[in-house]
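**Q** Got a structure for you, written out below as structure tokens; questions coming shortly.
The values are calculated or read from the model by the stated rules, or taken from the named source; none is laboratory data. If you're wondering where the values come from, they're calculated on a predicted model, not measured in any experiment. When we count neighbours, we look across all protein chains shown, and the Cβ atoms used for this are built from the backbone with ideal geometry, even at glycine. What goes into the accessible areas is simple: the full protein's heavy atoms, side chains included, and nothing from ligands, DNA or RNA. Shrake-Rupley method; radii C 1.70, N 1.55, O 1.52, S 1.80 Å.
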Amino acid sequence: MADIIQLLPESIANQIAAGEVIQRPASVVKEMMENAIDAKASKIVLILKDSGKTHIQVTDNGMGMSETDARMSLERHATSKIKEAKDLFTISTMGFRGEALASIASIAHIEIKTRRQEDELGTQLIVHGSKLISQEYCQTHVGTTIVVKNLFYNVPARRKFLKKDTTELHHIMEEFKHVAIIHPEIRFQLIHNDNELFHLPEGNLRQRLVGIFGKSLNENLVPIDEETEIVTIEGYIAKPQYSKKTRGDQFLFVNNRFIKSGYLNHAIRNGYDNLLNEDEHAFYAMNLTIDPSKIDINIHPTKQEIKFEDERLIYNIIRVTIKHALAKYSIAPSLDFDQDLSFSKVYNETGSRSETNQSNGGHSDSDTIIRRKPGKAEIENWQEIYDQLSIDNTGDNSLILPSKASLLPEDEDEGNPNLKSAPYQIHNGYIISQIRSGFIMIDQHYAHERIMYERYLTALVGKQIAVQQLLFPSTVELPMDKAVTIMELLPDLLKMGLKVESFGGQTFIIQGVPVGMENQSFQVLLEKVVGQFQENIDLQIGVQESLALSMAGVGSIKKGKKLAVEEMQHLIDELFATENPYTSPKGKKCFITFELNEIENKF
Ligand code: ADP
Ligand code: MG
């Protein structure tokens, strides 16, 4: 039999590589913006059509390419950034794999115009699916313009996999922010379907952050600037009052590269101590500068993960740095002795101590501690926190659940009406209600979230919802990415009783809100609803479910609210009238059951 193994044609190899590197329009944006940075551009313009599905254009004023380099740039493993293996350990550029342009060219229509300062004429290349269509000299500015059209035109499966325009645009804006935040010295512009979404002049980091997130951030920024032997930390965190219910605006960079690290995020959170509520997330934008030989940047192109040689030490330095910064800006009260009685050692310090100074007389900050909150089960492991936050935490659904009827509050005993017991609230957060076989303890927040979620879902299919018309319509200014997202949501929000109208640009007018939501800041309300919606984007649920989830999250009764007996009664009735009273829409238990016989056994 003849030999059967063949080398794949280059164009197919590229397409396979593209499957890994280029997952969606945002990946193209990331790669092309990073190339512009590597080319030392001081101005980068990103122009998109249809959320990048049909047109992505990046123009830079960087160093440009020679004619030969322009051709070479589309070959796989062709890079100007490293020459030999040892260069891998001293990488100072964003790219180095020489794979991105080749991948993009294999699955799109790509046009490159580029010119170096020293060349009189530039080069224009047109390539369709790895195939060179034309190469000519052209008149063009110094720098490079690359246009990527019809992404995935020859990979229908990928094309179909793309999400709605809002989703893809959201991902693009995230990538854009990652690049723009860490390069405030570069001027950026982002134009989508002829609307200018961002215009960020060159400036410092504070100006850049305010340019992206809005003026309200300015007064809330707390600078971070800490230098130790192993790491330098610079950037800003926001005061606790600026924290959000959604986890979006957290930007951590290592050596100017955006990374995601649940572990370090937890260190930051820990630095805030108990200044953040459990469901709040701090804003931060920080860069860690660290000897590249002490870290391992995952070589995988799309993963933003990183390994540190001395993770625990870095954890501690970050935590202490945040704590000090907050204390310095007198946001964190200095530790009081009573509170500190229940410290527990969780992480054993490894390695040397950080250089950071102690400012809390007596209480050694570099001790690795997580404070126990009185009366709360302690989460000693950050991983657990993350697992708990995960949305598909619905494992309990597989258990055999008690029937709804058996859980309803005990009916009046015919013979003896005094036996009916009123529900009782404890710690302004839990409702105790007697049932025939014992009692249940209801989490008022999760229970109400379930009720509201189902109510909003039915509102979306036409069931009326009570609306509070505002006597004085309220004007709200949203950050650009939220303003873009909300435009597509307005009709659905209206059905759910949130009457919002666009007033042009980033301004919106709220005319009415669902009853129960009238007593809060509408600015915060709208930001939260859109923020939570954006967070839900990656969950495999529909737009309407996601929106109902956001509204329920924002509009539901929180822990800490005192409830009257009738309110509790009402909440219980409504809970058990829902389709799934057992769990909140995010999979938390709404109540726990205590059986009489179990209780008896305990005595
Ligand atoms: P990498 O960035 O990993 O080197 P790419 O495929 O992204 O790989 O780019 C290949 C090469 O093309 C780069 O090494 C660089 O020399 C050149 N190149 C790409 N984009 C630009 C640009 N905007 N300006 C100048 N050169 C560029
Ligand atoms: Mg690159």
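**Q** Multiply the residue gap between M487 and Q117 by 0.36 nm, knock off their C-alpha separation, and tell me the result in nm, one decimal place.
**A** Details: separation 370, 0.36 × 370 = 133.20 nm, distance 4.29 nm.
Computed gain between M487 and Q117 is 128.9 nm.
**Q** Of the GluC sites (Glu not before Pro) in segment 1-92, which ones lie in a loop per DSSP and count no more than 13 other C-beta atoms within 10 Å? Please report the intermediate quantities before stating the final value.
**A** Values: sites: E10, E20, E31, E34, E67, E75, E84; in loops: E75, E84.
For GluC sites (Glu not before Pro) across segment 1-92 that sit outside H, G, I, E and B with at most 13 neighbouring Cβ atoms in 10 Å, the list reads E84.
**Q** Another one. Quick one: dipole size for segment 193-235, taken about the Cα centre, charges +1 on Lys/Arg Cβ and -1 on Asp/Glu Cβ, in debye to the nearest 20. Before the final figure, lay out each step's value.
**A** On the way: 3 positive and 9 negative charges, 54 e Å.
It comes to approximately 260 debye.
**Q** Moving on. How do the peptides 105-116, 202-213 rank, highest first, by the average count of neighbouring beta carbon atoms within 10 Å per residue?
**A** Values: 105-116: 23.9, 202-213: 18.1.
With the highest mean Cβ count within 10 Å placed first, the list reads 105-116, 202-213.
**Q** Right, something else. Any idea how far apart N580 and L8 come out in nm if each label point goes 7 Å out from Cα toward Cβ?
**A** Each label point lies 7 Å from its Cα, and together they span 3.9 nm.
**Q** Assuming R0 = 30 Å, can you tell me the calculated FRET efficiency for the pair A466 and E196, based on Cβ-Cβ distance, to the nearest 0.05?
**A** Details: r = 39 Å, r/R0 = 1.31.
That gives a FRET efficiency of 0.15.
**Q** Moving on to the next point. Can you pull the percent of segment 437-534's accessible area that's carbon plus sulfur, 1.4 Å probe, other chains left in place?
**A** On the way: 2340 of 4080 Å².
Heavy-atom surface of segment 437-534 belonging to carbon and sulfur, 1.4 Å probe: 57 percent.
**Q** Averaged per residue, what accessible area in Å² does segment 10-203 show with a 1.4 Å probe, protein chains only?
**A** On the way: 8710 Å² over 194 residues.
For segment 10-203, the per-residue accessible area is 45 Å².
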